[in-house]
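Reviewing the structure listed below.
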Amino acid sequence: MRTPRTTIGRKLVTAMMLTSTAVLVLAGVVFVAHDFAISRRAMVQALVTRAHILAANSTAALAFQNPDDATQVLHALGTDPTMTAAALYDGQGQPFATYPASAKPGTVPARPMATGYRFERSRLAVSEPIVEEGRRLGTIYLESDLRVLDQRLKADAIVVLIAVFGSITLAFALASWLQRGIAHPILALAEVARTVSEGKDYSVRSRAVGDDEVGVLSEAFDQMLGEIQRRESEIRLLNADLERRVNERTAELEASNKELEAFSYSVSHDLRAPLRHIDGFVELLTKHAFASLDEKAQGHLTKISAAAKQMGALIDDLLAFSRVGRTEMRKTSVNLASMTADVIQELRDDAKGRLVEWKVEELPTVQGDPSMLRLVLVNLLANALKYSGPTKEARIEVGARAQNGEIVVSVRDNGVGFDPAYAHKLFGVFQRLHASKEFEGTGIGLANVRRIVNRHGGRTWAEGAIQQGATFYFSLPR
Amino acid sequence: MAMLKRILLAEDNENDLELTLTALAEHNLANEVVVVRDGAEAWDFLCHKGSFADRNGGNPAVVLLDLKMPKVDGLELLRRMREDSRFKAVPVVVLTSSREESDIVQSYRLGVNAFVVKPVAFDEFVGAVKNLGLFWAVLNEPPPDRLSASTPA
């Protein structure tokens with residue numbers, strides 16, 4: 001399980017902090033803007049009021065054309081440092097008095113400004129008419145710097161900043177404390193998941209309680225763990241049981257294999273001995289008393305001897321068959337073409353004086369036990385030769401083809417064939433479809449072929465009809 | 001024909017014994033055959049013990065050994081002989097009904113000189129016994145007794 005790059009707690013705190021900071025900053029900005037607008041209005045109001053008062057005080061000076069009095073009136077403005085300039089204009093709009101008294105020309109407008117107020121870059125100017133009993137005596141002009149407004153703005157900013165920082169600190173503390181309630185169950189769940197995935201220990205439980213989705217998740221997770229644990233122990237029990245049964249079976253198999261070996265040993269040694277004795281004593285009897293016996297008794301002696309020899313052959317074949325099943329396979333590459341050529345060469349002696357046409361197609365190299373596969377070829381080719389004996393011109397064909405992931409080898413002859421109704425009996429132990437008088441043999445050859453091919457993971461089958469030859473097939477996995 | 005040397009035949013089966021002796025007699029090889037009926041008796045013969053305490057002569061030219069015998073079986077006798085410096089060099093031929101690979105392997109591992117499976121057909125059996133007798137009791141030169149005596153147990 002990978003280690004997380006960040007924690008859910010940190011994420012929660014970050015989210016809360018971002019939200020509260022954004023809200024606080026927005027509130028601060030709104031507050032400052034609102035306060036600024038109010039302050040501006042108040043400042044205009046104050047300046048207009050002052051203009052009205054000054055205007056009222058200077059009506060006499062204007063009416064009597066006394067600029068000194070007017071200058072005196074304006075001079076009172078000196079007590080307020082924010083007042084930067086002021087002027088009185090007469091009825092014709094000519095400057096009458098200024099403040100400061102010795103103001104340079106250009107400090108105040110040469111002509112009266114239109115009634116009202118005007119904010120300029122760093123000052124506020126107000127112009128009001130001076131009216132007495134419906135007669136316009138002149139105009140008053142007042143000019144103040146924006147120091148008050150600036151200070152107000154600065155003070156507001158400081159208040160807002162302090163409030164924001166204070167709130168953020170408080171929000172951080174609160175968020176850090178509150179996130180535990182949310183993050184802890186999740187962390188506990190993550191810890192359990194880690195324990196499970198790393199330690200494969202399904203017995204742990206998150207036991208996290210909660211009325212929210214995390215609680216539901218924990219509960220579901222615990223249920224899941226319980227289910228896994230139950231199934232795991234079930235599987236473990238099944239496995240243990242299976243193992244025990246396999247061991248039992250193996251022991252049984254080993255025991256029966258041992259028994260089989262003891263049996264075949266006993267067959268090999270103990271059954272052969274009496275046969276040898278029968279044959280031996282018959283032979284001795286023949287030697288000493290054959291002449292004194294009548295023809296019938298002589299025939300009996302010959303039959304006893306033949307039967308003993310036949311039984312000896314059967315026992316040898318049975319032993320060979322059992323060996324084919326028990327011997328360890330040593331798989332290697334086997335060149336079927338050269339092996340077939342060898343086997344045919346060996347069989348040529350048996351076919352002496354017969355007209356036999358051997359036709360061998362191209363044969364592949366396969367994987368298998370060479371001595372066993374050789375036994376297969378010997379059996380099939382010798383059978384083909386044997387059962388084509390009565391045919392005048394015997395033809396034996398060996399071929400191979402690849403088919404469905406297998407190599408299928410066929411041995412075809414034009415001999416006596418067999419009744420397909422008994423095809424299933426062909427590969428049985430000691431099963432024969434022909435009288436032993438007709439064709440000698442014990443009936444073990446094809447059983448050996450089937451056993452060997454089966455041990456190689458292949459199949460055996462045959463096609464044929466009476467007097468129309470037979471084709472024997474065996475397949476080997478590629 | 002060279003002088004016939006002594007053959008020790010260890011065989012418990014009455015019939016086998018008769019047939020073997022008959023086969024040997026047919027070829028005039030039976031006169032110096034000592035018959036013992038199990039491995040223990042064979043061991044007594046080799047060691048001049050028990051009923052063979054007073055016997056003359058040294059080791060046999062060859063021991064023809066059946067494998068399945070009561071008391072001490074053929075393989076056990078073979079093992080004892082090969083572990084004993086007196087009989088280490090004495091030729092031993094296993095003559096048995098068994099064709100079991102494990103018997104053959106075991107016998108050669110213990111140092112047998114030949115392993116012969118008794119054929120079922122009597123004529124073949126006679127041929128085999130004759131060949132054995134001729135080879136080991138006539139043609140083959142056995143190790144001198146000195147070889148054994150010079151390394152006493």
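Contact map, the range A:70-81: residues that are among the hydroxyl-bearing types (Ser, Thr, Tyr) paired with residues that are assigned to a loop (DSSP other than H, G, I, E, B) and surrounded by 11 or more Cβ atoms within 10 Å (Cβ to Cβ), Cβ distance under 7 Å, separation 6+ or inter-chain. Pairs shown: A:THR71/A:ALA101.
When each of A:VAL408, A:VAL453, A:VAL378, A:VAL398 is tested for being touching a strand residue (DSSP E or B) at 6+ places or on another chain (Cβ under 8 Å) and in a helix (DSSP H, G or I), the lone residue that passes is A:VAL453. The lone criterion from (1) in contact (Cβ under 8 Å) with a residue 40 or more places away in the chain; (2) more than 14 Å from every other protein chain (Cβ to nearest Cβ) left unmet by B:ASP44 is number (1).
For the range B:88-98, which residues satisfy the criterion of being more than 14 Å from every other protein chain (Cβ to nearest Cβ) and part of a loop (DSSP other than H, G, I, E, B)?
B:LYS88, B:ALA89, B:VAL90, B:PRO91
In the range A:404-422, which residues are exposed (fewer than 13 other Cβ atoms within 10 Å of the Cβ) and either within 8 Å of A:GLY469 (Cα to Cα) or not hydroxyl-bearing (Ser, Thr, Tyr) (or both)? Passing the criteria: A:ASN404, A:GLY405, A:ASP419, A:ALA421.
The single residue among A:LEU433, A:LEU446 that is hydrophobic (A, V, I, L, M, F, W, C), closer than 28 Å to A:LEU355 by Cα and in a loop (DSSP other than H, G, I, E, B) turns out to be A:LEU433.
For the range A:255-275, does any single residue satisfy the condition of being in contact (Cβ under 8 Å) with a residue 60 or more places away in the chain, away from chain B (no Cβ under 14 Å) and either part of a helix (DSSP H, G or I) or aromatic (Phe, Trp, Tyr) (or both)? There is no residue in the range A:255-275 that is in contact (Cβ under 8 Å) with a residue 60 or more places away in the chain, away from chain B (no Cβ under 14 Å) and either part of a helix (DSSP H, G or I) or aromatic (Phe, Trp, Tyr) (or both).
The set of residues from the range A:195-213 being part of a helix (DSSP H, G or I) and surrounded by 14 or more Cβ atoms within 10 Å (Cβ to Cβ) comprises A:THR195, A:VAL196.
Tallying residues that are among the basic types (Lys, Arg) and farther than 15 Å from B:VAL93 by Cα within the range B:6-47 yields 1. Checking each residue in the range B:109-123 for being among the aromatic types (Phe, Trp, Tyr) and not in a helix (DSSP H, G or I) picks out only B:PHE115.
Taken across the range B:99-108, residues that are more than 27 Å from B:ASN31 (Cα to Cα), more than 14 Å from chain A (Cβ to nearest Cβ) and either part of a helix (DSSP H, G or I) or touching a helix residue (DSSP H, G or I) at 6+ places or on another chain (Cβ under 9 Å) (or both) do occur, with at least one present.
For the range B:72-87, the condition of being in contact with a Ser or Thr (Cβ under 7 Å, 6 or more places away or on another chain), surrounded by fewer than 18 Cβ atoms within 10 Å (Cβ to Cβ) and more than 14 Å from chain A (Cβ to nearest Cβ) holds for at least one residue. The listed residues are A:LYS309, A:LYS331, and the only one of them that is in contact with an Asp or Glu (Cβ under 7 Å, 6 or more places away or on another chain) and either surrounded by 14 or more Cβ atoms within 10 Å (Cβ to Cβ) or within 14 Å of chain B (Cβ to nearest Cβ) (or both) turns out to be A:LYS309.
Quick check on B:PHE52: is it surrounded by 14 or more Cβ atoms within 10 Å (Cβ to Cβ) and out of contact with any Ser or Thr (no Cβ under 6 Å at 6 or more places or on another chain)?
yes
Only one of the numbered conditions (1) surrounded by fewer than 17 Cβ atoms within 10 Å (Cβ to Cβ); (2) under 30 Å from A:LEU137 (Cβ atoms) is not met by A:MET43, and that is (1).
Of everything in the range B:18-41 that's small (Gly, Ala, Ser) and farther than 21 Å from B:LEU78 by Cβ, which residue is farthest from the other protein chains (Cβ to nearest Cβ)?
B:ALA30
Laboratory data are not the source of any read-out in this text; all were calculated from the coordinates shown. Note that the coordinates shown come from a computational prediction; the quantities given were computed from them, not determined experimentally. Here the Cβ is made from the backbone with ideal geometry for all residues, glycine too, and neighbour counts use every protein chain on show.
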